[in-house]
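The values are calculated or read from the model by the stated rules, or taken from the named source; none is laboratory data. Since we're looking at a predicted model, the values are computed, not measured. Every residue, glycine as well, gets a Cβ built from its backbone with ideal geometry; the counts of neighbours run over all protein chains shown. With ligands, DNA and RNA removed, areas are computed over all heavy atoms of the protein, side chains included. Shrake-Rupley method; radii C 1.70, N 1.55, O 1.52, S 1.80 Å.
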Amino acid sequence: MRAVIILIVSVICISAGCVRVKPYEREYLSRQAMVDDRGPGEKRFEQHQSGAREGADGGTGEPGGGCGCN
Amino acid sequence: MQRRHHQASYPARTGLFFLLSISASAHAGGEVIVRGAYYKEKATRVVQPMTDVRLEIGPDTEIAGHFLIDSITSASAAAGAAGVEFTETRLEGGLSVSHRIDTYQVGLFARYSNEPDYQSIFAGVRSTSELARKNTTLGMALGFGIDQLSNAGAQNNGMGQTVPIEGELTTALASLSLTQVLSSRMVANATYDLMYQDGFLENPYRMVPVGAVPRAEIVPDSRLRHALFVSVRGFLPATQTTVVTGYRLYVDDWDVTGHTPGIRVVQALKSDLDLHLRYRYHRQTGAHFFKATYDNVEPFVTNDVKLSPFDSHTIGIKVDTALANLGVSGHMASARADVLLQYVVQNNRYGNAVVGHLGLAIPFGK
């Protein structure tokens, strides 16, 4: 697990050193689907659904659980 | 079917009033989203109407809140009294505020959930920092929650012989994220969540066959959970297609390991009309103490499906459009409506499930 984290963070950090996308080049990056293609309620329900039906949870930066559907 | 009527608690009424108030009195920009979600599988049905409000109360400050009603009808012993179909209502409200200071954003968030046999409160702080001229964004979140639970539902269902059970569960969450622009058409994200749970982690209703005798579920009193999610988003200008690929690796100290890759494709069909296609795969190992049945009493006994080895497939389709495409004019023309349908193949005792959403997002102000 630790090795995977180090590898992924390293790859992204190395990429960061090479990339400088300027503000006027961000037209595609600012599209809604490139920022977030799901609304807050849709994501919350999906997390709630998977948290109630899978032993795995997390990876969203948001708290899961909070209900008696365990 | 036995139905329990549950009146909205004071915090829930207050939360709803707050959301309605800020949406009605807003002078700045914002958005109100109303959504209805439906989930149905063999023994469980969930209907969840919800409202999300986002309000900019200044050039650098934003408030967001949500309120939802979660109506669960189940005949599952895992969710209530064995053999008795029942309906339970959960109310949840959440509030967050964030403030931008130059390239930093800091915020607070809180969530409260209430149902007859389960109350939960969770709160925390969140921050992001933009680096390298907004090509890199670092984020962190810290949160802490307390849940209080009981088996009051079984007693309320007329099973007076049930021994009352009460418990408390504390949860701590630490999250780190890194978002990196890779090119003018591609951005990557990695999020690592570390969650520690301590306290009553059993389901107070779940009974496990041990020999010929059903016994109450027993699991360890703590659980340390790691989840790493990585994703890459890319846009193809030639076809106006956005592709989102993601993968989550999950491990915990109960020996549950989960692999969850997924892909979402968003195809722009015309201006403000998008077609979304999705696929998600989940595969997990079981907890080291999981067994469907036990011959003898062991330190831990559970037959919880979520702690068993299984896999699942989710396919989904969604259409998202501005109301202008439906002939609506005026202010509401910029509102968006979406319809989402999903089918979940669960290779376990839960069986397959269908999911449906209807959503409407209405911008205001500005």
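Would you check which residues across the stretch B:238-283 are within 11 Å of chain A (Cβ to nearest Cβ), of a type in the set (Lys, Arg) and out of contact with any His (no Cβ under 7 Å at 6 or more places or on another chain) and list them? Within the stretch B:238-283, B:248, B:278, B:280 meet the criteria. Against the numbered list (1) part of a strand (DSSP E or B); (2) over 28 Å from residue B:253 (Cα atoms), residue B:173 comes up short only at (2). So, in the stretch B:123-141, of the ones that are touching a Lys or Arg at 6+ places or on another chain (Cβ under 8 Å) and of a type in the set (A, V, I, L, M, F, W, C), which residue ends up least open to solvent (accessible area, probe 1.4 Å)? Step by step, filter the stretch B:123-141, then rank; the result is B:141.
The rows are residues; the columns are (1) within 17 Å of residue B:149 (Cα to Cα); (2) modelled with pLDDT under 95.
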{"site": "B:190", "(1), (2)": "no, no"}
{"site": "B:212", "(1), (2)": "no, yes"}
{"site": "B:219", "(1), (2)": "yes, no"}
{"site": "B:226", "(1), (2)": "no, no"}
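Only a single criterion out of (1) more than 7 Å from chain A (Cβ to nearest Cβ); (2) in a strand (DSSP E or B); (3) of a type outside the set (Ser, Thr, Tyr) is not satisfied by residue B:286, namely (2). Within the stretch A:58-70, residues that are more than 7 Å from chain B (Cβ to nearest Cβ) have Cβ atoms under 7 Å from residues that are in a loop (DSSP other than H, G, I, E, B) and open to solvent by less than 20 Å² (accessible area, probe 1.4 Å) in these pairs: A:64/A:57; A:64/A:58, counting only partners at least 6 apart in sequence or on another chain.
Just one of the numbered conditions (1) facing chain A (nearest Cβ under 7 Å); (2) open to solvent by 20 Å² or more (accessible area, probe 1.4 Å); (3) among the charged types (D, E, K, R); (4) under 24 Å from residue B:260 (Cβ atoms) is not true of residue B:193: (2). Of the residues making up the stretch B:201-219, not a single one is within 11 Å of another protein chain (Cβ to nearest Cβ), farther than 18 Å from residue A:66 by Cβ and under 22 Å from the mean Cα position of the chain (by Cα). Check the stretch B:99-117 and report whether any residue there is over 17 Å from the mean Cα position of the chain (by Cα), at the interface with another protein chain (Cβ under 10 Å from one of its Cβ atoms), crowded, with 18+ Cβ neighbours inside 10 Å and in a strand (DSSP E or B). No, that holds for no residue. From the list B:312, B:231, the one residue that fits, being within 9 Å of chain A (Cβ to nearest Cβ) and either at pLDDT 95 or above or surrounded by 21 or more Cβ atoms within 10 Å (Cβ to Cβ) (or both), is B:312. Looking at residue B:220, is it out of contact with any strand residue (DSSP E or B) (no Cβ under 6 Å at 6 or more places or on another chain) and not small (Gly, Ala, Ser)? Considered against the rule, which asks whether it is out of contact with any strand residue (DSSP E or B) (no Cβ under 6 Å at 6 or more places or on another chain) and not small (Gly, Ala, Ser), residue B:220 comes out as yes. Among the residues of the stretch B:249-283, those that are outside any strand (DSSP E or B), in contact with a strand residue (DSSP E or B) (Cβ under 7 Å, 6 or more places away or on another chain) and open to solvent by 50 Å² or more (accessible area, probe 1.4 Å) comprise B:253, B:272. Residues considered: B:306, B:318. Of these, the only one that is part of a helix (DSSP H, G or I), at the interface with chain A (Cβ under 9 Å from one of its Cβ atoms) and at pLDDT 95 or above is B:306. A search for C-beta distances below 6 Å between a residue of the stretch B:252-264 that is over 14 Å from residue A:57 (Cβ atoms) and any residue that is β-branched (Val, Ile, Thr), counting only pairs 6+ apart in sequence or on different chains, returns B:263/B:245; B:264/B:244.
If the condition is being surrounded by 19 or more Cβ atoms within 10 Å (Cβ to Cβ) and not in a strand (DSSP E or B), then the stretch B:336-366 contributes only B:350.
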